[in-house]
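Down below is the structure, laid out as structure tokens.
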Amino acid sequence: MPMNPDLKASAPEPVPFPFTALVGQQALQRALLVVAVDPGIGGVLIGGPRGTAKSTAARALAALLPQAPFVTLPLAASLEQLVGTLSIEDALQSGAVRLSPGLVARAHGGVLYVDEVNLLPDALVDALLDVAASGVNTVERDGISQRHAARFVLVGTMNPEEGELRPQLLDRFGLSVWLHNPTDAAERQQIVRSRLLFDADPSAAAACHADALQNLAASVLDAQALLPRVQWPDDALAHAGALALAAGVDGVRADLVMLRAARASAALDGRDAVTVADVDAVAELALHHRRQVEAQPPAPQASQKPQAPAAQGQDVSNAQPESAGASGADGDWGAMPPVPVGTVRPAAAGVLPPKKA
């Protein structure tokens, strides 16, 4: 049976949802733009229920950046698929080591998207975060290693209902945004209307946002060029440290991430110095997933009976605890009085009892 000629041609790439058309996601948009300016911040972790535009926002960011690849890490990926591998056979035959690049190499200059990152093996997440923070991937095998640049925007998503991410790995993510279901009726209608218009005619919707997207992309490029010249005044450093201490975070990674994100935010605004307001603008993004919950005092056990305070002038030096077996109305309910038990004199050592006839 002859093949339909329409099936031979590759399907065209779908038009991504415009980044500037996202509704009610200002914090998420800012976090993604900040990490696009400085991928060394360590990526963005997006938490929230299903249907809150997590993957849509990540794809929209990749479409905003010029010639940026969008690479998805599957849940079943192996470590070799992620970081690549070396062919030792080629090294033995020709003396040259051949690198088979992984997903981090393909994502260089673009966006690496990890859906349900909390379901990935810890070793895979750890390796991924190492590369995202350093911008360099090192592949080792049998004492041979190669390095290559791998600078990308890491975007991980998770639904807390499907499992948590270990605190050690949470801390490795630079920024985090936690989304919620829209509860405002007007905002909800605006979100639905924007999506329906895009689904009806993606090209027309993208054309409506073409100018805004072009200006935003130019702002990201300008901010990347300005970034090395942006300075941190002492008051900004002190403010970041005070916020981190108030949040009770471990270590100083939160301080560093906060200040790097504030620098990228200032660069997006075209300024060459970080202000206290810049730190405040990104503080919650850097502290939310690192903030320590204050320990609550343990609840009294059901078997423990609270002791009544002693009356004024009462001598409590000879008071006995209730657990000592006190009986009566003030003692433990159901306590039994001690019962004498007879004892049997043991036989003398080395003497056996007489045998029965």
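The values are calculated or read from the model by the stated rules, or taken from the named source; none is laboratory data. In this text, all values refer to a predicted model and were calculated from it rather than measured experimentally. Note: ideal-geometry Cβ built from the backbone for every residue, glycine included; neighbour counts use all protein chains shown.
Observations on the structure shown:
Listed here are the residues, each with its yes/no results for (1) over 14 Å from the mean Cα position of the chain (by Cα); (2) at negative phi.
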{"position": "116", "(1), (2)": "no, no"}
{"position": "119", "(1), (2)": "no, yes"}
{"position": "122", "(1), (2)": "no, yes"}
{"position": "126", "(1), (2)": "no, yes"}
{"position": "129", "(1), (2)": "no, yes"}
{"position": "132", "(1), (2)": "no, yes"}
{"position": "148", "(1), (2)": "yes, yes"}
{"position": "157", "(1), (2)": "no, yes"}
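- Residue 45 being buried (at least 19 other Cβ atoms within 10 Å of the Cβ), in contact with a strand residue (DSSP E or B) (Cβ under 8 Å, 6 or more places away or on another chain) and not in a strand (DSSP E or B): no
- Helices (runs of 4 or more DSSP H) wholly inside region 140-243 containing at least 2 residues that are modelled with pLDDT of 90 or more and within 23 Å of residue 286 (Cα to Cα): 210-226
- Residue match in region 69-81 (condition: under 17 Å from residue 15 (Cβ atoms), touching a residue at least 24 places away in the same chain (Cβ under 8 Å) and not assigned by TED's automatic domain parsing to the domain that holds residue 256): yes
- Unique residue being more than 22 Å from residue 30 (Cα to Cα) and either surrounded by fewer than 17 Cβ atoms within 10 Å (Cβ to Cβ) or not assigned by TED's automatic domain parsing to the domain that holds residue 32 (or both) when the list is 218, 283, 200: 200
- Meets criteria (at pLDDT 90 or above and β-branched (Val, Ile, Thr)) for residue 83: yes
- Among the residues of region 15-42, those identified as of a type in the set (Gly, Ala, Ser) and surrounded by fewer than 23 Cβ atoms within 10 Å (Cβ to Cβ) are 21, 24, 27, 40.
- Residues satisfying the stated conditions in region 266-287, i.e. among the charged types (D, E, K, R) and assigned to a loop (DSSP other than H, G, I, E, B): 269, 271, 272
- Inspection of region 69-80 finds no residue satisfying the criterion of being at positive phi, part of a loop (DSSP other than H, G, I, E, B) and modelled with pLDDT under 95.
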